[in-house]
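The structure appears below as structure tokens.
The values are calculated or read from the model by the stated rules, or taken from the named source; none is laboratory data. Note that this is a predicted model, so its numbers are computed, not measured. No Cβ is skipped: glycine too gets one built from the backbone with ideal geometry, and neighbour counts run over all protein chains shown. Heads up: the accessible areas ignore ligands, DNA and RNA and are worked out on the full protein's heavy atoms, side chains in. Shrake-Rupley method; radii C 1.70, N 1.55, O 1.52, S 1.80 Å.
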Amino acid sequence: FEALSTGRLHASDMVEVSARAAAQAPTKLGLRAGDSIDVDDAMLAIAVKSANDMAVVLAEKIGGTEERFAAMMTLKAQELGMTHTRFVNANGLPDSRQVTSAHDIAILCRAVLRDYPQYYYYFGTEQFTYRGVTMNNHNGLLGRMPGVDGFKTGYTNAAGYNLAASAVRNGRRLIAVVLGGSSGAT
């Protein structure tokens, strides 16, 4: 969002899928190395489908390498006051060196709402269609719980089911974060 807001990156920019990005574990959009996608579609794939390959594509575009982008993310986390967070990859796939806390994720959500409200719609998008395939957002609260308007889910075997959600009711916004759930339903 910082790169978009400063003009270093544009939603219409085309980005190329590297072999490393294409090889990411599911969930992914499934493009092949050498394919291109515009930044807007890559962002939607990340927000709606949790596309690990697209996270790496954008990380490489912004940081040059995924490792450099992860270091940039960690620095930004520290600037935001996320004292229990260290990123080592762009998509959150398991790595014992990568850690965060529910409190830190709430800080990140608040920062997105405060600093980049123009991009928050990505996290409230219920469906995304790419190359004729329609994908539903993994956030089951969208469209089902009054006031819920976005944020992100995640799952790994190591971390369990995770959800950051934001809702507005009676003019008041709340952010809730659950890490380590036993199922998506809970």
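Each residue in region 146-172 was checked for being surrounded by fewer than 13 Cβ atoms within 10 Å (Cβ to Cβ) and touching a residue at least 60 places away in the same chain (Cβ under 8 Å), and 2 pass. Every test in (1) buried (at least 16 other Cβ atoms within 10 Å of the Cβ); (2) in contact (Cβ under 8 Å) with a residue 40 or more places away in the chain; (3) touching a Ser or Thr at 6+ places or on another chain (Cβ under 6 Å) is passed by Asn91 save one, and that test is (3). The set of residues from region 43-61 being open to solvent by less than 10 Å² (accessible area, probe 1.4 Å) and under 14 Å from Tyr130 (Cα atoms) comprises Ala45, Ala47, Val48, Ala51, Met54. Of all residues in region 55-77, those that are free of Cβ contacts under 8 Å to residues at least 40 places away in the same chain and closer than 17 Å to Met14 by Cβ have Cβ atoms under 9 Å from Cβ atoms of residues that are among the hydroxyl-bearing types (Ser, Thr, Tyr) and open to solvent by 50 Å² or more (accessible area, probe 1.4 Å), 6 or more apart or on another chain, in Ala59/Thr65.
For Glu79, state whether it is touching a strand residue (DSSP E or B) at 6+ places or on another chain (Cβ under 6 Å) and surrounded by fewer than 17 Cβ atoms within 10 Å (Cβ to Cβ). The answer is no for Glu79. Meeting the requirement of 1 or more residues that are more than 14 Å from the chain's Cα centre (by Cα), modelled with pLDDT of 95 or more and among the small types (Gly, Ala, Ser), the strands (runs of 3 or more DSSP E) wholly within region 100-185 are 160-169, 172-181. Looking across region 118-136, the residues that are open to solvent by 80 Å² or more (accessible area, probe 1.4 Å) and either within 21 Å of Ala3 (Cα to Cα) or in contact with a Lys or Arg (Cβ under 7 Å, 6 or more places away or on another chain) (or both) come down to Gln118, Tyr121. Scan region 25-32 and tell me whether some residue there is open to solvent by less than 40 Å² (accessible area, probe 1.4 Å), hydrophobic (A, V, I, L, M, F, W, C) and under 20 Å from Tyr155 (Cα atoms). Yes, region 25-32 contains a residue that is open to solvent by less than 40 Å² (accessible area, probe 1.4 Å), hydrophobic (A, V, I, L, M, F, W, C) and under 20 Å from Tyr155 (Cα atoms).
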